[in-house]
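Here is the structure we will look at, set down as structure tokens.
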Amino acid sequence: MTTHPADPPKTSAATMTRDNYKFPSHRLLRQQRTDRTPVVLVACGSFSPINNQHIRMFGQAVRYTQTHPNANLEIVGSYLSPVSDKYGKSGLESGSHRVRMCELAADDEGGSKLLMVDPWEAVQPEYTPTAEALDHFDQEINGKLDGILTKDGSRRIPVHIMLLGGSDLLTSMASPGVWDQKDVDHILKDYGAIIVERVGEPTPADVLNDPEYKLHKTPPIKEYGESSTIIRSHRQQGMAIKALTPKSVIDYIETHHLWAPTTV
Ligand SMILES: Nc1ncnc2c1ncn2[C@@H]1O[C@H](COP(=O)(O)OP(=O)(O)OP(=O)(O)O)[C@@H](O)[C@H]1O
Ligand SMILES: NC(=O)c1ccc[n+]([C@@H]2O[C@H](COP(=O)(O)O)[C@@H](O)[C@H]2O)c1
């Protein structure tokens, strides 16, 4: 039976504001395909712009769940959650551009996949710490949508919200002063994370070793020299950005002159 809900969104998430915000759920499975623990993956980040490695993180997480049956996880939905402009990181384009590029990349993946873009963080007037962003997903999926129907259709159960990120995220969690320890505990004990080893960024072994942390670690994605920093730098030098991000995103960047060299 079809486990997806019916209607694709009529408007782009990039046009949403706080006033007309609607949680995107068009690719969220409404019924489990297995008896494993249902999981929604949330990748929080700048995505300025989204690049191929960001998209591959989701594939790596799927492979992890398939090759580690003992983890007992079924991914029933995946989200990109671009951070608010107020995050203030250097090279951060406006939220509406970043959300739209994430959407183009998610659609490029093909409609049958589970990837969506939630503009909620991006439309907030202030920066939202990641723990609160995950609480938002929990409220939308387990509160408002009432979780997911089990495979046999007999009952609804809660979906586990899990953070998806690269190992630099753990390095930053282990660095004093960057994260509130309460938030790290809330994220890693109450939700959990799938962490993709990032080349050159070994997972800190001894700092985040609390046995209550629900951490799943995957091997690194093969490096092809793709990163958001490289895309921005190529643009600023007037170089082509072919193949670093989907073609639809490249076209968008060029049409909107994003990160183009400034002429004085
Ligand atoms: N090559 C990669 N391998 C694993 N994880 C990655 C890779 N590239 C990015 N990520 C992860 O993607 C998420 C979003 O990253 P974000 O856009 O915030 O920063 P970034 O990709 O490092 O970009 P920038 O170059 O702008 O610093 C983070 O969790 C980051 O760890
Ligand atoms: N205290 C926090 O909640 C906290 C701290 C640092 C980064 N983050 C998040 O990590 C993601 C990646 O950030 P960076 O690109 O700065 O590594 C962003 O979504 C950001 O919001 C959260």
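The values are calculated or read from the model by the stated rules, or taken from the named source; none is laboratory data. This structure is a prediction, so every number in the text was calculated from the model and none was measured. Heads up, the Cβs are rebuilt from the backbone with ideal geometry, glycines too, and the neighbour counts pull from every protein chain shown. These area figures cover heavy atoms from the full protein model, side chains too; ligands, DNA and RNA do not enter into them. Shrake-Rupley method; radii C 1.70, N 1.55, O 1.52, S 1.80 Å.
Look at region 14-33: where a residue is within 20 Å of Ser94 (Cα to Cα) and open to solvent by less than 60 Å² (accessible area, probe 1.4 Å) and a partner is small (Gly, Ala, Ser) and at pLDDT 95 or above, sitting 6+ places away or on another chain with Cβ atoms under 9 Å, you get Ala14/Gly95; Ala14/Ser96; Ala14/Ala122; Met16/Ser96; Met16/Ala122. Of the residues making up region 235-253, those that are assigned to a helix (DSSP H, G or I) and under 15 Å from Ile50 (Cβ atoms) are Arg235, Lys247, Ser248, Val249, Ile250, Asp251, Tyr252, Ile253. Does Thr229 satisfy the criteria of being within 15 Å of ligand 2 (Cβ to nearest atom) and either part of a loop (DSSP other than H, G, I, E, B) or in contact (Cβ under 8 Å) with a residue 40 or more places away in the chain (or both)? When the stated conditions are applied, Thr229 passes them.
Residue-by-condition table, conditions (1) under 16 Å from Lys22 (Cα atoms); (2) at pLDDT below 95; (3) more than 13 Å from ligand 1 (Cβ to nearest atom); (4) not aromatic (Phe, Trp, Tyr):
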| position | (1), (2), (3), (4) |
| --- | --- |
| Val83 | no, no, no, yes |
| Asp107 | no, yes, yes, yes |
| Gly111 | no, yes, yes, yes |
| Thr130 | no, no, no, yes |
| Phe137 | yes, no, yes, no |
| Ile141 | yes, no, yes, yes |
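Taken over region 54-87, the residue count meeting the criterion of being within 13 Å of ligand 2 (Cβ to nearest atom) and either open to solvent by 20 Å² or more (accessible area, probe 1.4 Å) or not in a strand (DSSP E or B) (or both) is 7.
Condition first: among the acidic types (Asp, Glu) and at pLDDT 60 or above. Now tell me which residues in region 1-27 satisfy that. Answer for region 1-27, where residues must be among the acidic types (Asp, Glu) and at pLDDT 60 or above: just Asp19. Given the criterion open to solvent by 50 Å² or more (accessible area, probe 1.4 Å), closer than 30 Å to Ser96 by Cβ, of a type in the set (D, E, K, R) and more than 15 Å from the chain's Cα centre (by Cα), identify the matching residue among Arg198, Arg155. Only one candidate qualifies: Arg198.
Exactly one residue out of Thr229, Thr255, Thr203, Thr245 is crowded, with 17+ Cβ neighbours inside 10 Å, at pLDDT 95 or above and among the hydroxyl-bearing types (Ser, Thr, Tyr), and it is Thr245. In region 77-89, the residues that are at negative phi reach residues that are near ligand 1 (Cβ under 9 Å from one of its atoms) and of a type in the set (Val, Ile, Thr) with C-beta atoms within less than 8 angstrom, at least six apart or across chains, in these pairs: Leu80/Ile50; Lys89/Val83. Annotation: of all residues in region 36-53 being more than 16 Å from ligand 1 (Cβ to nearest atom) and surrounded by fewer than 21 Cβ atoms within 10 Å (Cβ to Cβ), the one that is nearest to Arg232 (Cα to Cα) is Thr37.
In region 171-189, what residues are farther than 17 Å from His136 by Cα and in contact with a strand residue (DSSP E or B) (Cβ under 7 Å, 6 or more places away or on another chain)? Thr171 - this is the single residue of region 171-189 that is farther than 17 Å from His136 by Cα and in contact with a strand residue (DSSP E or B) (Cβ under 7 Å, 6 or more places away or on another chain). Screening Arg63 against (1) more than 19 Å from Glu226 (Cβ to Cβ); (2) touching a residue at least 12 places away in the same chain (Cβ under 8 Å) leaves a single unmet condition, (1). Within region 110-145, how many residues are in a loop (DSSP other than H, G, I, E, B), free of Cβ contacts under 8 Å to residues at least 12 places away in the same chain and open to solvent by 50 Å² or more (accessible area, probe 1.4 Å)? Result for region 110-145: 1. Might you check whether a residue that is within 14 Å of ligand 1 (Cβ to nearest atom), modelled with pLDDT of 95 or more and assigned to a strand (DSSP E or B) occurs anywhere in region 168-186? Among the residues of region 168-186, not one is within 14 Å of ligand 1 (Cβ to nearest atom), modelled with pLDDT of 95 or more and assigned to a strand (DSSP E or B), which makes the answer no. Scan region 66-117 for residues that are among the aromatic types (Phe, Trp, Tyr) and within 13 Å of the chain's Cα centre (by Cα) and the total you get is 1.
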